[in-house]
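Below: one structure, written as structure tokens.
Bear in mind that the values in this text are calculations on the coordinates, not laboratory data. Because the structure is predicted, anything quoted here is derived from the model rather than measured. Neighbour counts are summed over all protein chains in view; Cβ atoms, including those assigned to glycine, are modelled from backbone coordinates with ideal geometry.
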Amino acid sequence: MRTSILALTGPFLALAATPVAAQDTAPPPPLTISGSATLVSDYRFRGVSQTNKRFAVQGGLTVAHDSGLYASVWGSSIDDYVAAGSDQEIDLIAGYRTTRGGTTFDVGVLYYYYPGSGGAKTDFVEPYASVAHMIGPATAKLTVNYAPKAAALSIGGGKQDNLYVAGDLSVGIPTTPLSLSAHFGRSFGPSYLTIGKGYSDWNVGVAYSWQALTFGVSYVDASKAAYAPGGRNVARAGVVGSVGVSF
């Protein structure tokens, strides 16, 4: 639609040359809106498939203020074994991000919401904090997520909590549309988010960007097996492909 509008109004752009130039030098707006839509061959959450190793459709929207405050909503299709029959995961996020030199600090709260879970206690809150630092074309990031005690995290009644610590490394290959990434995380339990008392997950991947599209492929694995109700090992090593668009 944007291309069509420009094509139709092309004769009028020359008449508006001066205002357009003025807009180009204007400061950026205090609020920015961005979004994404992605198709993945498997939705892996910390190494464990949320879709019984099948395709998922995902999308997100973020509103950010120039003060550093932001709010996001992100969603994905999931298999019904994840949250008592729900077939959707919706993440509601609010946070604050700031950059000092080449270091970015990010803190916030994430709320996992599973609609259609039939009244079961499946939702929970997870505060997070991360520090990312740029080293040339590479970015190293450390993230800590802590979910306080909640009934949704319990695997034996009562309430349980969960801690997740992860490190990420990403690098764009200069003069190419390619980027590489690596991730290692550790879940500490026991809770519904861990396999027993805890486990590790990792992945390595490559992405190719073309205009607003990004194509990705990654190898994902975990240190322990996890089984869906049908008996499938949903933490088994596998290759995950994706194609996404950002706007």
| request: Could you check how many residues of segment 181-235 are farther than 17 Å from Ala147 by Cα, surrounded by 18 or more Cβ atoms within 10 Å (Cβ to Cβ) and of a type in the set (Ser, Thr, Tyr)? | output: 2
| message | Among (1) at positive phi; (2) touching a residue at least 40 places away in the same chain (Cβ under 8 Å), there is one condition Tyr192 misses while meeting the rest; what is its number? | response | (1)
| remark: Thr176 meets each of (1) assigned to a loop (DSSP other than H, G, I, E, B); (2) within 29 Å of Val243 (Cβ to Cβ); (3) touching a residue at least 60 places away in the same chain (Cβ under 8 Å); (4) not aromatic (Phe, Trp, Tyr) with one exception, condition (3)
| message | List pairs: first residue in segment 150-172 and free of Cβ contacts under 8 Å to residues at least 12 places away in the same chain, second residue part of a strand (DSSP E or B) and not acidic (Asp, Glu) anywhere in the structure, Cβ distance under 9 angstrom, at least six positions apart or on different chains. | response | Gly158/Lys149; Lys159/Pro148; Lys159/Lys149; Lys159/Ala150
| query | Yes or no: Tyr96 of a type in the set (Ser, Thr, Tyr) and surrounded by fewer than 14 Cβ atoms within 10 Å (Cβ to Cβ)? | reply | yes
| said: So, in segment 174-199, exactly how many residues are more than 19 Å from Ala140 (Cα to Cα) and not β-branched (Val, Ile, Thr)? | reply: 12
| note | When every residue in segment 136-155 that is of a type in the set (A, V, I, L, M, F, W, C) and part of a strand (DSSP E or B) is compared, the one farthest from Phe188 (Cα to Cα) is Ala138
| request: All but one of (1) exposed (fewer than 14 other Cβ atoms within 10 Å of the Cβ); (2) over 30 Å from Ile173 (Cα atoms); (3) not charged (D, E, K, R) hold for Ile135, so report the exception by its number. | output: (2)
